[in-house]
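The structure under discussion appears below in the form of structure tokens.
The values are calculated or read from the model by the stated rules, or taken from the named source; none is laboratory data. For clarity, every value in this text was computed on a predicted model and none was experimentally measured. Here the Cβ positions follow ideal geometry from the backbone for every residue, glycine too, while neighbour counts run over all protein chains shown.
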Amino acid sequence: MVKNYFKAVRILNLALLSFIFWGLMLHIYNSGIAFEINHVYLFWATITTTASGYLINNYHDLQSDKINNKSIIDVDSGYYLKSYFVHLSLSFFFLLISSLSGGWFLLILFLHILVLLYSLKLQHLPLIGNTAVALLCSIVILIPQGISNQYFNFNNYNSNENITIIFSLFCFLITLKREAVKDLEDIKGDQKTGGYTLPIALGKKVTFSYIFILLAVELVFLLNCIKETNYEIRYLFFYSLQLIILIITSYKLYLDKTKNFKIISSLIKLQFVLAGIGLYLLL
């Protein structure tokens, strides 16, 4: 049961989110913000909200996941639905026991609504569903920035208060890319269950062209980040690792005839992992 639960909430993804969240928080603390117990409550509200999103999405994708061999054995729709409501309740419970302002309550409520809209409708709309997932990811990453109450400082591009915004934009781009790759990977199940993703609506050729554009935008973004650091070694190392994975991903997508989308998706997830490690190296 515990093993199935961990699979259902995608425990490795939650662990990565936790790693990234506190890495960003350390940068916020370095900018002069003091630690508060409210930050822990907000962290758990974020984690349970994210877990609830995975659970309700599993509930709605049960049939297509079976076709794509992604379903969890011995877990039915009732389990997903009950677990979803438990995590939904927990996310607001952590806010209620804190002394955080009502704005955080509204943000978590907005995230829950967006997750529901995605699971019910948006995921079946080409591009819109992928954009919704990327938006969810970037908003969650921006939560530490909300704690700092600081805005982007154009005079110090890579300062502690800016790193959250840079990281959020980067996550938005690579999430868009990964979601498009996952659409290619899941095309069989989506077709049989009436899904209307980008490769189904406009074809694989258009999807590959769309991913190519995202790769080009990501390349420009990374090169600009490197330029703004004045080629400082620690930043150069961090961004160079991302460039290497981008190149390997491009090769796998456009030159490798095998087109193993599962491996390509894992490569993109590796970008998140390395980015998380980079947060601690850049302290």
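Taken over the range 249-260, the criterion of being modelled with pLDDT of 90 or more and surrounded by 14 or more Cβ atoms within 10 Å (Cβ to Cβ) is satisfied by Thr249, Ser250, Lys252, Leu253.
Rundown of residues vs (1) surrounded by 13 or more Cβ atoms within 10 Å (Cβ to Cβ); (2) modelled with pLDDT of 90 or more; (3) more than 22 Å from Ile264 (Cα to Cα), yes/no style:
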{"position": "Lys205", "(1), (2), (3)": "no, yes, no"}
{"position": "Tyr210", "(1), (2), (3)": "yes, yes, no"}
{"position": "Ile233", "(1), (2), (3)": "no, no, yes"}
{"position": "Leu243", "(1), (2), (3)": "yes, yes, no"}
{"position": "Ile247", "(1), (2), (3)": "no, yes, no"}
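Against the definition (surrounded by 14 or more Cβ atoms within 10 Å (Cβ to Cβ), of a type outside the set (A, V, I, L, M), modelled with pLDDT under 85 and under 19 Å from Val133 (Cα atoms)), how does Ser71 come out, yes or no? No, not satisfied. Selection of the range 109-129 for residues being outside any loop (DSSP other than H, G, I, E, B), touching a Leu at 6+ places or on another chain (Cβ under 6 Å) and more than 18 Å from Asn58 (Cβ to Cβ) yields only Ile128.
For beta carbons closer than 9 Å, sequence separation of 6+ or different chains, a first residue in the range 221-235 that is on the phi < 0 side of the Ramachandran plot and in contact (Cβ under 8 Å) with a residue 12 or more places away in the chain and a second that is outside any helix (DSSP H, G or I) and hydrophobic (A, V, I, L, M, F, W, C), the qualifying pairs are Arg234/Leu282; Tyr235/Leu282.
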